[in-house]
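The values are calculated or read from the model by the stated rules, or taken from the named source; none is laboratory data. The structure displayed is predicted, hence computed values, not measured ones. A quick note on method: Cβ atoms are made from the backbone with ideal geometry, for glycine too, and the neighbour counts reach across all protein chains shown.
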Amino acid sequence: MGKEKLLQEAKKSADNAYAPYSGFKVGAAILTQSGKIYSGCNVENASYGLTNCAERTAIFKAVSEGERKFKHLLIYVDSDKLFTPCGACRQVINEFTHDIPITVVSNKQSKTFSIKELLPHSFDL
Ligand code: THU
């Protein structure tokens, strides 16, 4: 399963982003080891701190369907600037993935990281 399919799904999800406050539309797609893709978008709230980021939406959708083993996470933002996941998302990614590529894509560039790079000395139980 290629990165292109994940990007296509992440872009589709970004179209559903509920982002009336930031205007920042994000979509994520995660590939399971069995070859299924779960996607998600950011869902904002008037009480800003309740916002759920796209990557957490995608991961929580997958986990709530019983998925536990993942192969690749891709996050797309409809912007020219590249970004990396927020701290809360890094902790959630760390909970459910182990050494998978985490690809961030903007309209101009893309880069792949590992969770160890994004969240060194992570908190684990
Ligand atoms: N956002 C994501 O969905 N993922 C990220 O990795 C960074 C931020 C969302 C949250 C909020 O809706 C908007 O982008 C601006 O922070």
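Can you tell me which residue among Ser34, Ser106, Ser47 is more than 12 Å from the ligand (Cβ to nearest atom), over 24 Å from Phe123 (Cα atoms) and in contact with a Lys or Arg (Cβ under 8 Å, 6 or more places away or on another chain)?
So the residue among Ser34, Ser106, Ser47 that is more than 12 Å from the ligand (Cβ to nearest atom), over 24 Å from Phe123 (Cα atoms) and in contact with a Lys or Arg (Cβ under 8 Å, 6 or more places away or on another chain) is Ser34.
With respect to Gly27, determine if the residue is more than 15 Å from the chain's Cα centre (by Cα), of a type in the set (Gly, Ala, Ser) and either modelled with pLDDT of 95 or more or farther than 16 Å from Val92 by Cβ (or both).
no
List, please: which pairs have Cβ atoms under 9 Å, are six or more places apart or on different chains, and start with a residue in the range 57-80 that is at pLDDT below 95 and end with one that is surrounded by 14 or more Cβ atoms within 10 Å (Cβ to Cβ) and assigned to a helix (DSSP H, G or I)?
Taking only residues 6 or more apart or on different chains, the pairs are Asp78/Lys11; Asp78/Ala14.
Kindly state which strands (runs of 3 or more DSSP E) lie completely within the range 1-119 and contain at least 3 residues that are surrounded by fewer than 16 Cβ atoms within 10 Å (Cβ to Cβ).
110-113
Return the residue satisfying two criteria in turn: it lies in the range 51-90 and is over 12 Å from the mean Cα position of the chain (by Cα) and of a type outside the set (D, E, K, R), and of such residues it is nearest to the ligand (Cβ to nearest atom).
Only one residue tops the list, namely Thr51.
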